[in-house]
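Participant: Take this structure, written in structure tokens, and hold onto it; I'll ask about it next.
Just so it is clear, none of the values below were taken in a lab; they were calculated from the coordinates. It should be emphasised that the depicted structure is a prediction, and the values quoted were computed from it without experimental measurement. Ideal geometry is used to build each Cβ from the backbone, glycine not excepted, and the neighbour counts take in all protein chains shown.
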Amino acid sequence: MSTINNFIKKRPVLAYYILVFTISWGGMLVLVAPYGIPGTGEQVERMMLPALLVLFAGPIISGILMTGLVNGRVGFRDLLSRLSKWRVDAIWYAVALLFAPLLVMLILLLLSFPFPVLLPRIFTESDKLTLLLFGIVWGLIGGGLLEELGWTGFAIPTLRQHYGASFTGLIVGILWGVWHFLITYWSSGTLSGTSSLTAFLPAMVFYVGSLPAYRILMVRIHDRTGSLLVVMLMHAVYSASKLIMVPLGLALVPNLIYESASAVALWIVVAAVNKQRTLIRQRQETLPIQG
């Protein structure tokens, strides 16, 4: 027991991710492996909800447990303080709530000229209200609340004690994408249970290309606001935007083009934000000292 405690104290983030993948992937394998991976369409439809619940259990259980083991009551007070912090400048709410939907909408609209199938889903869906409500609820519960209690609740502030915002976001973003791999591969199966590249490859571009860039921006927002609540909203809105606006059943080529364009756009924004911060820091360093 003392060996485990020492490992947790010395390598808290590594211990956190070992626990996350053990719960999420271990639980999923127990649930779905007996039926085969990838699953058939019928198996995926039947088992998707319990698979998602097990997947989401990893970050939230690990985040709460590691907060207690590493930081004790002080850690829980800090977590609750960041979770309940809603008094931040309105500009950060605007960024959290508007950046993702505007970006997703703009990319889809531009690409819909050469690829009409990429017209935003909300424009073509007959029951727009149901789509909006489902997307918002899914984003808030599935993405924002359950995941961020782990990623931003524990992993990010722990890494930020030793690393910069970009490196922290890159590491957490890459692992965030990898964490999705198993459920994506399992659910990418055709009716016969063989893997479908049409579903799998675009998802991998999203996980490897877009999520690390978006996570860097989320770390920046958390640094500026100290609010876990705002970061949860930023995550939730991104999940909801993709569900509400990205068309279903896309062929491989237009899907890959959209995901690749989204990844490039996000990295351009990251580069612009980093450049701006560098210029501001250089300007501050060259200001004459008053006194």
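Participant: How do Leu197, Leu119 rank when sorted from fewest to most other Cβ atoms within 10 Å of their own Cβ?
Facilitator: Ascending number of Cβ neighbours within 10 Å: Leu197, Leu119.
Participant: Oh, and also: Please identify which residues in the range 3-23 have an amide N closer than 17 Å to a label point set 7 Å out from the Cα of Leu29, following the Cα→Cβ vector.
Facilitator: Under cut-off, by backbone N: 17-23.
Participant: How far is it, in nm, from the label point at Ile4 to the one at Val178 when both lie 7 Å from their Cα along the line to the Cβ?
Facilitator: Result: 2.3 nm between the two label points.
Participant: Here's a follow-up. Explain nothing, just the number: relative contact order of the chain, from Cα pairs under 8 Å at least 6 residues apart, as a whole percent.
Facilitator: Result for the chain is 28 percent.
Participant: Further question: To one decimal place, what orientation-averaged projected area in nm² is obtained for the convex hull of the Cα set of the chain?
Facilitator: Taking a quarter of the hull surface, the average projection is 18.7 nm².
Participant: Also, quick follow-up: For the range 218-236, list residues with backbone N below 16 Å from a point placed 7 Å from the Cα of Gln282 toward its Cβ?
Facilitator: Hits in the range 218-236 for Gln282 at 16 Å: none.
Participant: Given the convex hull of the Cα atoms of the range 25-86, what is a quarter of its surface area in nm²?
Facilitator: So the Cα hull casts an average projection of 5.7 nm².
Participant: Could you give the Stokes-Einstein D for the range 37-136 in µm² per second, using the C-alpha Kirkwood radius, 25 °C, 0.890 mPa s?
Facilitator: Using the Kirkwood radius from Cα pairs, D works out to 135 µm²/s.
Participant: Filter the DSSP H helices in the chain by two things, a Kyte-Doolittle mean of at least -1.0 and an axial alpha-carbon span of 27 angstrom or more, and list the hits by number.
Facilitator: Length and hydropathy pass: 12-32, 41-83, 90-111, 252-286.
Participant: Over the Cα atoms of the range 209-291, compute the convex hull volume and normalise it per residue, giving Å³.
Facilitator: Taking only Cα atoms, the range 209-291 has a hull volume of 95 Å³ per residue.
Participant: Further question: When the C-alpha atoms of the range 150-291 are aligned to their principal axes, what extent does each axis show, in angstrom, from largest down?
Facilitator: Principal axes ranked by extent give 76, 29, 24 Å for the Cα atoms.
Participant: Given only helices, namely DSSP H runs of n ≥ 4 each adding -39500 (n - 2.57), what is the per-residue ellipticity at 222 nm of the chain, to the nearest 500 deg cm²/dmol?
Facilitator: Helix contribution divided over all residues of the chain: -24500 deg cm²/dmol.
Participant: Tell me, what is the FRET efficiency for Val269 and Arg73 to the nearest 0.05, using R0 = 41 angstrom and their Cβ-Cβ distance as r?
Facilitator: Working from the Cβ atoms, E equals 0.60.
Participant: State the three equivalent ellipsoid semi-axes of the range 13-57, derived from the C-alpha gyration tensor as the square roots of 5 times its eigenvalues, in descending order and whole Å.
Facilitator: 23, 10, 6
Participant: Can you quote the Å³ per residue value for the convex hull of the Cα atoms in the range 91-189, rounded to an integer?
Facilitator: Each residue corresponds to 163 Å³ of Cα convex hull volume.
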